[in-house]
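Trainee: Below are the structure tokens for one structure; questions will follow.
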Amino acid sequence: MNSKSAEQTYRMMHNHIKENPNDKWFLVEVIAQQSRNIVWSVKLDNEPCYDERIRRVSIDEFYKIVTGEENAFYKFCVQLPKTIKKLLANRKDNVKGTNTVITELQNRGGNLQKAIFFLAFANYCGFTTVEDQIDDLLNGNHH
């Protein structure tokens, strides 16, 4: 997010908080460098501005806040490939058009799901398990 849109977003959140002191606002970062839940601080008119009720959180921390479960986002990511696999197995053959994305991904070889999880979420809650455990989870061996 560039500084102008960050400033506009923060101002909107800050104005809401002033009128609704019991509310909290979260800027949720789906792809963040690490797991975090921090106060969002910006400069407004060249002055630092922050409020404990306006926070920047990674997606794993957001899921934790919403569900109350430490590894909720991790569990979601573990379940997602299983659900997609079931949906693809049950899809109708009369779907119009061709889904080239699936074919292209299959042609790349390797375990693309594992690579995506490790690249995007390696520093998130629950994703610090050893690589063999991730292999087991992606292969449906989660207990």
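Trainee: Does residue 26 satisfy being among the hydrophobic types (A, V, I, L, M, F, W, C) and in contact (Cβ under 8 Å) with a residue 40 or more places away in the chain?
Mentor: Here the answer is no, as residue 26 does not meet what is asked.
Trainee: Identify the residue in the stretch 4-33 that is loosely packed, with under 11 Cβ neighbours inside 10 Å and farther than 26 Å from residue 124 by Cβ and, among all such residues, is modelled with the lowest pLDDT.
Mentor: 4
Trainee: While we're on this one: Counting just the residues of the stretch 36-49 that are out of contact with any Leu (no Cβ under 9 Å at 6 or more places or on another chain) and either among the aliphatic types (A, V, I, L, M) or modelled with pLDDT of 95 or more (or both), which one comes out surrounded by the most Cβ atoms within 10 Å (Cβ to Cβ)?
Mentor: 42
Trainee: While we're on this one: Looking only at the stretch 51-93, which residues are in contact with a strand residue (DSSP E or B) (Cβ under 9 Å, 6 or more places away or on another chain) and among the charged types (D, E, K, R)? Let's see the steps before the verdict.
Mentor: Quick first cut of the stretch 51-93, residues in contact with a strand residue (DSSP E or B) (Cβ under 9 Å, 6 or more places away or on another chain) only: 51-59, 61-62, 64-65, 73.
If the condition is that a residue be in contact with a strand residue (DSSP E or B) (Cβ under 9 Å, 6 or more places away or on another chain) and among the charged types (D, E, K, R), then 51, 52, 53, 55, 56, 61, 64 are the ones that fit.
The values are calculated or read from the model by the stated rules, or taken from the named source; none is laboratory data. Predicted model, so just to flag it, every value in this text is computed and none were measured. Cβ atoms come from the backbone with ideal geometry, glycine included; neighbour counts cover every protein chain shown.
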